[in-house]
Amino acid sequence: MKKRFSTFLLLIISLSCLAFLQNNWLIEQQEGYSIYYGKSEKQNIKEYIQLFTNGKEQVEQFFKTPFSSEFNVYIHPTRTSLDSTWQKDWNIPGLRSQCWMVASGVASRVDIISPKKWDSLACEHSFTNTVKTQRLITHELVHVYHGQRNLSPDFSDVNGIDWFVEGLAVYASGQLDSDRLRRLHDFLSANEPPSQLVDFWKGDNKYGLAGSVVKYIDQKYGREKLIGLLRFNKLDELLKSLGTSENEFVLEWKDTMLGK
Ligand SMILES: [Zn+2]
């Protein structure tokens, strides 16, 4: 009995040490952000800093002003580490992320699985595709920038604007590339698009659909107007600011996409 108890105690102590080590982040302070990473990432961190610094510059160029506050980047060494952060931050105990999910961004932070481990810890992403890797990181940084100007900095209190949050990140990061636009055009030539914006960030064409709507806002209303929309967390306020209705807006976007 005594032996069993001491084994149990040893197990508890080991688990506590493990938990401590898991949270034992190393920190590099950069201009405008801090990057947190584990010991095992030491040899990758220079490359990661370059990707985040490039992304930060791209975002600031797109929006023409700097981030309004500093933020943190967490490089997670395992999917379990990412999941435990999301469980806590999103208040979903037991959350298990899907294999294509590798990162998230809100006003104060980016959480990301160590990009060099995507090939083994994720699906649909490969670190070696440098253009796509940079765009994905820039995409998350657009969320950070957006969150810093939104009435709901962590996007937990938003209503009907998923298409705008994601479409903005797709468009401003360069993910709306010619390949995606061509696929969207093929889709629209043969199918009816969704009639409601809430359905634009759904299905196989969600990047093309949501990204192209934000591009349409940028081209029709201008960059200043687009930037002015960052603060809204509700669809009706956003549409009111554009002076349009959902129906009219979607129809005009569709006509523009089909070159009418
Ligand atoms: Zn996103």
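The values are calculated or read from the model by the stated rules, or taken from the named source; none is laboratory data. Because the structure is a prediction, the values reported are computed rather than measured. All Cβ positions, even for glycine, are placed from backbone atoms using ideal geometry, and neighbour counts span all protein chains on display.
Data overview
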quantity: Residue check for residue 151: touching a residue at least 12 places away in the same chain (Cβ under 8 Å), surrounded by 15 or more Cβ atoms within 10 Å (Cβ to Cβ) and aliphatic (A, V, I, L, M); calculated: no
quantity: Condition broken by residue 168, with the remaining ones in (1) more than 11 Å from the ligand (Cβ to nearest atom); (2) of a type in the set (A, V, I, L, M); (3) not assigned by TED's automatic domain parsing to the domain that holds residue 63 satisfied; calculated: (1)
quantity: Test for residue 72: is it assigned by TED's automatic domain parsing to the domain that holds residue 138 and at pLDDT below 95; calculated: no
quantity: Meets criteria (farther than 20 Å from residue 149 by Cβ and assigned by TED's automatic domain parsing to the domain that holds residue 145) for residue 109; calculated: no
quantity: Any pair with Cβ under 6 angstrom, 6 or more apart, that starts in region 94-108 at a residue that is crowded, with 17+ Cβ neighbours inside 10 Å and ends at one that is in a strand (DSSP E or B) and of a type outside the set (Phe, Trp, Tyr); calculated: 102/113; 103/112; 104/111
quantity: Criterion: within 23 Å of residue 153 (Cα to Cα) and more than 22 Å from the chain's Cα centre (by Cα) - qualifying residue of 234, 240, 220; calculated: 240
quantity: The lone exception for residue 251 - which of (1) in contact with a strand residue (DSSP E or B) (Cβ under 8 Å, 6 or more places away or on another chain); (2) part of a helix (DSSP H, G or I) it fails; calculated: (1)
quantity: Strands (runs of 3 or more DSSP E) completely within region 54-160 that count 1 or more residues being more than 16 Å from the ligand (Cβ to nearest atom); calculated: 71-76
quantity: Failed condition for residue 174, given (1) at positive phi; (2) within 12 Å of the chain's Cα centre (by Cα); calculated: (2)
quantity: Residue pairs meeting the criteria (Cβ under 6 Å; at least 6 apart or on separate chains; first closer than 15 Å to residue 239 by Cα and among the aromatic types (Phe, Trp, Tyr), in region 154-172; second in a helix (DSSP H, G or I) and more than 10 Å from the ligand (Cβ to nearest atom)); calculated: 163/197
